[in-house]
1. Take the residues in segment 18-34 that are of a type outside the set (Lys, Arg) and in contact with a helix residue (DSSP H, G or I) (Cβ under 8 Å, 6 or more places away or on another chain); name whichever of them is modelled with the lowest pLDDT.
2. I'd like to know if segment 92-115 contains one or more residues that are touching an Asp or Glu at 6+ places or on another chain (Cβ under 7 Å), at pLDDT below 95, not β-branched (Val, Ile, Thr) and not in a strand (DSSP E or B).
3. Determine which member of the set Glu59, Glu36 is in a loop (DSSP other than H, G, I, E, B) and touching a strand residue (DSSP E or B) at 6+ places or on another chain (Cβ under 8 Å).
4. Tell me, yes or no, whether segment 53-75 has at least one residue that is modelled with pLDDT of 90 or more and closer than 20 Å to Ala186 by Cβ.
5. Contact list please: Cβ distance under 7 Å, first residue in segment 53-74 and under 20 Å from His30 (Cβ atoms), second residue outside any helix (DSSP H, G or I) and of a type in the set (A, V, I, L, M, F, W, C), pairs at least six apart or on different chains.
Amino acid sequence: MRLSYIFAGCCSVLSVLSLAEQPDTRAHQHGVARLELFKLATDLQISFYATGSDILGFEHKPETQTELDAVKKAKTLLARPDKLFNIAGADCHLKQHQSNLPELQQHKKAEHKHSHDHNHNHNHEHEHEHEHDHKHAGHSDIEASYQFSCTSVTEPVTLKVNFFSLFPDLQQIQSSWITEKGQSAASLTPSDHQLSLN
């Protein structure tokens with residue numbers, strides 16, 4: 001129980017540090033993603049953030065079948081940490097995974113209904129509000145998180161990040177991490193995409 005409190009607390013610290021030190025993908029930097037890691041004893045937490053354009057190839061809510069297929073493909077890839085990461089120095093098993101891609105599909109239906117209702121409302125103020133909401137929705141970020149339980153941990157634990165080969169629009173991943181030994185950060189590229197968590 002104590003470990004879970006420590007784990008949650010350190011993850012919060014990591015989020016604060018990352019937001020302070022790393023470029024914010026919510027500023028919509030195409031080609032730039034963010035990776036946050038936390039390792040304590042046998043627990044490894046990884047969070048990934050990128051623009052919808054870099055992962056899906058478009059920024060708006062999916063409307064066509066092709067776009068829905070792109071969401072489905074990305075969702076499948078993001079649910080396969082064995083393809084996304086190669087972890088050496090520890091035997092790690094996935095405990096939990098979450099992503100916000102299902103939410104994007106659900107919003108499509110809600111947005112379509114909203115657009116239909118809007119056609120029957122010619123109020124200028126409502127029109128401006130709808131336009132703003134649609135523009136904001138078009139800049140959705142993709143978020144995914146992974147929690148691992150690791151055994152046979154040796155030093156250092158290294159992590160090869162395979163996002164570049166799976167999502168070719170990515171050009172850089174700003175990464176930051178916290179371990180029992182401290183914190184650090186690095187910029188990953190297609191030619192240099194391995195981290196040493198020591």
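1. His30
2. Looking through segment 92-115, at least one residue is touching an Asp or Glu at 6+ places or on another chain (Cβ under 7 Å), at pLDDT below 95, not β-branched (Val, Ile, Thr) and not in a strand (DSSP E or B).
3. Of Glu59, Glu36, the one residue that is in a loop (DSSP other than H, G, I, E, B) and touching a strand residue (DSSP E or B) at 6+ places or on another chain (Cβ under 8 Å) is Glu59.
4. Looking for residues that are modelled with pLDDT of 90 or more and closer than 20 Å to Ala186 by Cβ, one finds at least one in segment 53-75, hence yes.
5. Correct list of pairs: Asp54/Ala33; Asp54/Phe167; Asp54/Leu170; Ile55/Ile142; Ile55/Phe167; Glu67/Phe58.
The values are calculated or read from the model by the stated rules, or taken from the named source; none is laboratory data. This is a predicted model, so every value here is computed, not measured. Note that each Cβ is placed from the backbone with ideal geometry, even for glycine, and that neighbours are counted across all protein chains shown.
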